[in-house]
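Data block below; observations after.
Nothing in this text is a laboratory measurement; each read-out follows from the coordinates by a stated rule. Nothing here was measured: the structure is a model prediction, and the numbers come from that model. A quick note on method: Cβ atoms are made from the backbone with ideal geometry, for glycine too, and the neighbour counts reach across all protein chains shown.
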Amino acid sequence: MIIKSKQKMEESKEFLALSKDEKEYRRYELPETISIWICDFDMPEFCKDYIDEWSIYSRNSLRNGIRENIFPKNKYIMVSLPNFNKTPQEVESPTDVWLYLLKHAGTGEELPNFGSSIVDEALERIRIDNLDDAMLARNYSDDEISLISGLSKEEIAKRRSSR
């Protein structure tokens with residue numbers, strides 16, 4: 001990911017607009033790279049928390065009491081879904097909303113409305129995709145699927161061929 005980020009950075013308009021000397025000066029500069037890992041398994045090192053940030057540290061430095069990240073532009077945000085146990089009433093941040101939905105979307109229970117148009121649009125896409133898959137699996141006609149889901153017959157044909 002770091003190499004890919006570096007390549008993207010060097011392809012950016014901002015980087016391409018730099019002088020040859022400035023590009024040469026920055027050739028070893030790495031962009032900030034953040035990995036977000038959403039884990040659907042227990043992570044004992046979380047100690048009941050559901051989100052943690054990991055970085056790269058030197059073992060020797062840590063042994064000597066120095067807690068300095070050796071590569072501060074690279075970090076990992078780790079999420080343990082089993083440890084996320086908030087009720088809809090306890091959900092406060094946009095991150096909590098998404099984690100709640102990730103944890104509960106496949107349970108079959110009705111999901112609460114959190115008042116976010118972005119979340120509502122994502123849920124609608126999920127509902128339509130799931131509905132389309134169910135209708136395809138049950139051999140509904142293209143006309144029926146199109147009428148119920150609003151998909152074009154061309155899109156339905158693509159989905160049928162990708163199954």
Setting aside same-chain residues fewer than 8 positions from K4, which aspartates and glutamates have a Cα under 15 Å from its Cα?
E29, E32
Bridge type composition, segment 1-108 - antiparallel percent by DSSP, nearest 5
35 percent
Measure out, as a whole number of angstrom, how far apart the alpha-carbon centroids of segment 1-75 and segment 91-163 sit.
34 Å
For segment 56-69, 3J(HN,Hα) per residue [Karplus equation, 6.51 cos²θ - 1.76 cosθ + 1.60, θ = phi - 60°, Hz, x = Gly/Pro]:
9, 10, 7, 4, 5, 4, 4, 4, 8, x, 9, 9, 10, 5
Please check: in the Gaussian network model of the chain (C-alpha springs, under 10 Å), which one of Y76, Y140, Y50 has the largest mean-square fluctuation.
Y140
Quick check on my link table: of K13/K103; K13/K75; K8/K86, which ones sit more than 32 Å apart, alpha carbon to alpha carbon?
K13/K103; K8/K86
DSSP-loop trypsin sites (Lys or Arg not before Pro) across segment 1-51, with at most 12 other Cβ within 10 angstrom:
R27, K48
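Using Cα-Cα distances under 8 Å and only pairs 6 or more residues apart, what relative contact order does segment 33-163 have, in percent? Show your work: numbers first, answer last.
Numbers: 116 pairs, mean separation 25.6, N = 131.
Relative contact order of segment 33-163: 20 percent.
GluC sites (Glu not before Pro) within segment 54-158: which are DSSP loop residues with at most 12 other Cβ atoms inside 10 Å? Provide the component values of the computation, followed by the final result.
Working: sites: E68, E90, E92, E109, E110, E121, E124, E144, E154, E155; in loops: E68, E90, E92, E109, E110.
For GluC sites (Glu not before Pro) across segment 54-158 that sit outside H, G, I, E and B with at most 12 neighbouring Cβ atoms in 10 Å, the list reads E68, E90, E92, E109, E110.
Using just the helices of the chain, give the 222 nm mean residue ellipticity in deg cm²/dmol: DSSP H runs with n ≥ 4 each add -39,500 (n - 2.57), and the total is spread over all residues, rounded to 500.
Values: 8 runs with 75 residues, N = 163.
Computed ellipticity for the chain at 222 nm equals -13000 deg cm²/dmol.
To the nearest 20 debye, what is the magnitude of the charge dipole of the chain about its Cα centre, counting +1 on the Cβ of each Lys and Arg and -1 on the Cβ of each Asp and Glu? Walk me through the numbers on the way to the answer.
On the way: 24 positive and 31 negative charges, 176 e Å.
Value, rounded to 20: 840 debye.
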For segment 31-37, take each phi angle, set θ = phi - 60°, evaluate the Karplus expression 6.51 cos²θ - 1.76 cosθ + 1.60, and give the result in whole Hz per residue in order, putting x for glycine and proline.
x, 5, 10, 10, 9, 10, 10
Could you work out how far helix 117-137 tilts from the main Cα principal axis of the chain, as a 0 to 90 degree angle to the nearest 10?
50 degrees
Computed over segment 22-81: relative contact order in percent, which uses C-alpha pairs under 8 Å that are six or more apart
50 percent
Quick one: among D96, D42, D143, which has the greatest mean-square fluctuation in a GNM of the chain with alpha-carbon springs under 10 angstrom?
D143
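Is the shape of the chain best called rounded, prolate or oblate, per the rule: a/c under 1.5 gives rounded, else a/b larger than b/c gives prolate, else oblate, with a ≥ b ≥ c the square roots of the Cα gyration tensor eigenvalues?
Oblate.
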Degrees separating the helix 2-11 axis from the principal Cα axis of the chain, which is the longest one:
90 degrees
Taking Cα atoms, how many degrees apart are the long axis of helix 94-104 and the longest axis of the chain, rounded to 10 and kept between 0 and 90?
50 degrees
